[in-house]
Amino acid sequence: MSEQNRSTGRIRGTGTRRRKPSRRHRAKTLAAWVAAGAVVVGGAGLGYAYLALDGNLSSIDIDAKLGADRPDDVDDGSQDILVLGSDSRSGDNGKYGRDEGAARSDTAMVLHVAKGHRSASVVSIPRDTLMERPACESDTTGALVPAAHRAMFNTAYEVGGPACAVKTVESMSGIRMDHYLEVDFTGFTKLIDELGGVEVTTKTAIADSRSHLNLEPGTHTLNGEESLGLVRTRKSVGDGSDLGRIQLQQAFVKALMDRTKSVGVFSSPKKLYGLADAATRAVTTDSGLGSVKELTGFANGLKGLNAKNVHMVTLPVEYDPADPNRVLPQEKAGRQVWAALQRDRPIPASATEDSAGDKGDASKVVR
């Protein structure tokens, strides 16, 4: 199948697929940065029932798959983590649509935790970004998947799995990813339910038939299914684009972070274990985080973060002149973003001021 983008009337993936996904059931998974929030919450209780919780974890040896052909591992006290949302429909996720045999990474965020771990930057990468995808190894067949020109960003995960997604992000950013976190539908909803829901305030009504979410203006405590609906919502908010949905997801992540800080897990052993169990079941990690002990240390290192000191942006992009359903990286502005992370500095506002990613207006819907 050609890697060239195709006009479909909406932004959606292209590239070589194991099996063609169903348009009707295609949906964005959770705001991927929720993975880090999940680990922070679960981290408080990971010392409880180590053996049981260790058995929940799934991990992938990214280092072994990618070898030495990677950016330098700079040890300056900062951390860079690729956080993906997986829309696989296998197992319990089947209720969200038919399993087409080709999971995609419809949500991707690079989390940069600054030295001292008191502030962080998050760069959302639109799934529809056309870029140079490097050659990588298929996670299912072991065969080499050739490099591709103008490939959709989310095809990297589709054709090569987590390691290929990491390699693609490292290729476009020049930054070595210290860790990898992935969350799926079911893990997301169960975690939110264990938290007791997440409070959001909608400024306008949301009625989205695709995500099955209906909210009047006002303050709501969303359960897991409703939260999933919110981060999947696109058509009924902002300009209806995937770029707008990213803004909506970022607003939800801020609310989630506030919620994780307010949960009194130590007052209830049952609550403590429930959160830890949900968090460890929710994520797939790189092998460096593939044990309760390592995940605990990682989570403890993020406890100093809160919504106020996490700066979220979308990778600077512009609509593709050849297809308005695709976006292209703004090269100069993108270099500014990645350079800021490399130097452990805040992302300058000038880097994103002309980006299409800042024009979705969905951020005005939820606060």
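Over 21 Å between Cα atoms: which of Lys271/Lys303; Lys308/Lys332; Lys235/Lys261; Lys190/Lys235; Lys190/Lys308; Lys115/Lys303 fall into that group? The pairs that break the limit, which is 21 Å between Cα atoms, are Lys308/Lys332; Lys235/Lys261; Lys190/Lys235; Lys190/Lys308.
Summarising the label geometry, the points placed 7 Å from Cα in the beta-carbon direction at Arg335 and Arg210 lie 3.5 nm from one another.
Counted residue by residue at 0.36 nm each, then reduced by the alpha carbon distance between them, the extension gain from Asn300 to Thr140 reaches 54.2 nm. Packing, taken as the mean count of other beta carbons within 10 Å per residue, orders the peptides 52-61, 244-253, 148-157 from highest to lowest as 244-253, 148-157, 52-61. Each pair of Cα atoms in region 146-265 enters the Kirkwood radius, and Stokes-Einstein at 10 °C and 1.306 mPa s then converts it into a translational diffusion coefficient of 97 µm²/s.
Set the Förster distance to 25 Å, then compute FRET efficiency between Asp75 and Lys293 from the Cβ-Cβ distance, nearest 0.05. For R0 = 25 Å, the calculated efficiency reads 0.75.
Working note: Debye formula, equal point scatterers on the alpha-carbon atoms of region 120-163, no solvent; log10 I(q)/I(0) at q = 0.15, 0.21 Å⁻¹ is -0.39, -0.67. Using a simple spin-label model with pseudo-atoms 7 Å out from Cα toward Cβ, Ala68 and Thr201 lie 5.6 nm apart. Put a dot 7 Å past the Cα of His117, heading toward its Cβ, do the same for Thr221, and the two dots end up 3.0 nm apart. Against the compact-protein benchmark of 2.2 N^0.38 Å, the Cα-based radius of gyration of region 118-196 scales to 1.28.
Taken together, the values in this text are just the output of simple stated rules run on the coordinates, not laboratory data. Quantities reported herein were computed from a predicted structural model and do not represent experimental measurements. Every residue, glycine as well, gets a Cβ built from its backbone with ideal geometry; the counts of neighbours run over all protein chains shown.
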